[in-house]
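> Following this message is one structure expressed as structure tokens.
The values are calculated or read from the model by the stated rules, or taken from the named source; none is laboratory data. It should be emphasised that the depicted structure is a prediction, and the values quoted were computed from it without experimental measurement. Heads up, the Cβs are rebuilt from the backbone with ideal geometry, glycines too, and the neighbour counts pull from every protein chain shown.
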Amino acid sequence: MGGCVGTHHDSSGSLNENSDGTGVALGRNQPLKKDKPKWKSDYPMTDGQLRSKRDEFWDTAPAFEGRKEIWDALKAAAHAFENNDHELAQAIIDGASITLPHGALTECYDELGNRYQLPVYCLVPPINMIEEKSDTETLDIPEQPPNSGHECQLRLRLSTGKDLRLMVRSTDTVYHMKRRLHTTEGVEPASQRWFFSGRPLTDKMRLEELKIPKDFVVQVIVSQPVPNPTPVEN
């Protein structure tokens with residue numbers, strides 16, 4: 001995770017220290033490079049998961065160290081950089097007197113010499129990003145006979161922090177299990193993303209094919225559904 005660290009370098013580096021102990025950025029300031037870093041997440045990540053991860057960073061990092069106005073500028077610059085608005089990102093950096101020793105937002109300094117580090121996931125999405133499925137992709141999943149397969153319990157851990165055991169059948173598809181969870185917890189199937197051992201579980205997979213050992217936990221990422229836009233009255 002990125003963060004902010006107070007630091008200073010000697011005369012050969014990019015920072016020096018005044019007599020009052022305040023670090024000041026000197027030289028070695030490079031323009032922001034247009035090249036975007038490439039990275040791979042430890043597990044396939046949806047857009048909703050990436051947004052949550054970024055929100056967690058921006059909500060917590062400024063609370064510990066550094067200056068809020070610099071964090072705000074870095075957040076705006078990161079957003080512009082991701083959207084290929086390189087000129088705007090550079091203007092934000094220059095306006096906040098931020099120094100980039102390596103021409104990248106992953107390491108930068110304010111005019112007091114405080115060091116700020118942005119994690120790469122705040123700048124670009126991973127190369128193994130997965131698309132969130134729309135509701136229409138589950139319409140071709142056939143209904144199953146009510147008493148097919150054998151009944152069993154499946155341990156679930158929701159991203160809301162709740163752990164529970166869900167009664168399912170061995171012939172259930174992931175989509176059918178999402179519907180069962182909706183019945184018990186009120187979470188819409190479209191708002192559920194299921195993972196086991198870091199692997200995303202698609203709606204058409206059947207429980208008996210997944211071979212999940214007894215008492216192993218399936219993780220369910222719960223995202224808020226996007227509300228339908230309200231029509232504008234003329």
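> From the list 71, 39, exactly one residue is closer than 30 Å to residue 222 by Cβ and assigned by the TED database to the domain that holds residue 115. Which is it? I'd like the intermediate steps shown before the answer.
Numbers: 39 fails: assigned by the TED database to the domain that holds residue 115.
Answer to the check: 71.
> So, in the stretch 157-181, exactly how many residues are among the hydroxyl-bearing types (Ser, Thr, Tyr) and without any contact (Cβ under 8 Å) to a residue 60 or more places away in the chain?
Count: 4.
> Pull out all pairs, ordered by first then second residue, where Cβ-Cβ is under 8 Å, the residues are six or more apart or on different chains, the first lies in the stretch 143-155 and is at pLDDT below 80, and the second is part of a loop (DSSP other than H, G, I, E, B) and among the acidic types (Asp, Glu).
144/172; 149/172
> Next up: Report the residue count in the stretch 191-221 for those that are surrounded by 14 or more Cβ atoms within 10 Å (Cβ to Cβ) and without any contact (Cβ under 8 Å) to a residue 40 or more places away in the chain.
Of the residues in that region, 8 qualify.
> Just for the stretch 1-43: of the residues that are in contact with a Gly (Cβ under 8 Å, 6 or more places away or on another chain) and at pLDDT 85 or above, which one is farthest from residue 85 (Cα to Cα)?
Top of the filtered list is 42.
> Could you go through the stretch 50-64 and let me know if any residue there is modelled with pLDDT of 80 or more and within 14 Å of residue 115 (Cβ to Cβ). Working first, answer last.
Here is the first cut: in the stretch 50-64, the ones modelled with pLDDT of 80 or more are 50-61.
Going one step further and asking which of them are within 14 Å of residue 115 (Cβ to Cβ), we end up with 61.
Yes, the stretch 50-64 contains a residue that is modelled with pLDDT of 80 or more and within 14 Å of residue 115 (Cβ to Cβ).
> Still on this structure: Please go through the stretch 155-176 and pick out each residue that is over 19 Å from residue 209 (Cα atoms) and assigned to a strand (DSSP E or B).
Passing the criteria: 157, 158, 163, 164, 165.
> Let me ask something else about it. Can you confirm whether the stretch 54-71 contains a residue that is within 15 Å of residue 35 (Cα to Cα) and among the aromatic types (Phe, Trp, Tyr)?
Checked against the condition, which is being within 15 Å of residue 35 (Cα to Cα) and among the aromatic types (Phe, Trp, Tyr), the stretch 54-71 yields no hits at all.
> Then there is this: How about the stretch 181-211: which of its residues are farther than 20 Å from residue 151 by Cα and part of a loop (DSSP other than H, G, I, E, B)?
186, 187, 188, 197, 198, 202 - these are the residues of the stretch 181-211 that are farther than 20 Å from residue 151 by Cα and part of a loop (DSSP other than H, G, I, E, B).
> Here's a check for you: in the stretch 177-198, which residue that is touching a helix residue (DSSP H, G or I) at 6+ places or on another chain (Cβ under 9 Å) and basic (Lys, Arg) is nearest to residue 128 (Cα to Cα)?
193
> Sticking with this structure for a sec: Among the listed residues 183, 202, which satisfies the condition of being of a type in the set (Val, Ile, Thr) and within 14 Å of residue 165 (Cα to Cα)?
Exactly one residue qualifies, and that residue is 183.
> Here's another thing I want to ask about it. Search the stretch 89-115 for residues being touching a Lys or Arg at 6+ places or on another chain (Cβ under 9 Å) and crowded, with 20+ Cβ neighbours inside 10 Å, and hand back the single one that is nearest to residue 175 (Cα to Cα).
Of all residues in the stretch 89-115, those touching a Lys or Arg at 6+ places or on another chain (Cβ under 9 Å) come to 99-104, 107-110, 112, 114.
Subsequent filtering for residues that are crowded, with 20+ Cβ neighbours inside 10 Å retains 99-100, 108-110, 114.
Working: 99: 50, 100: 48, 108: 45, 109: 48, 110: 50, 114: 49 Å.
Top of the filtered list is 108.
> If you don't mind, another one. Take the stretch 76-88 and flag every residue that is without any contact (Cβ under 8 Å) to a residue 24 or more places away in the chain and in a helix (DSSP H, G or I).
76, 79, 80, 87, 88
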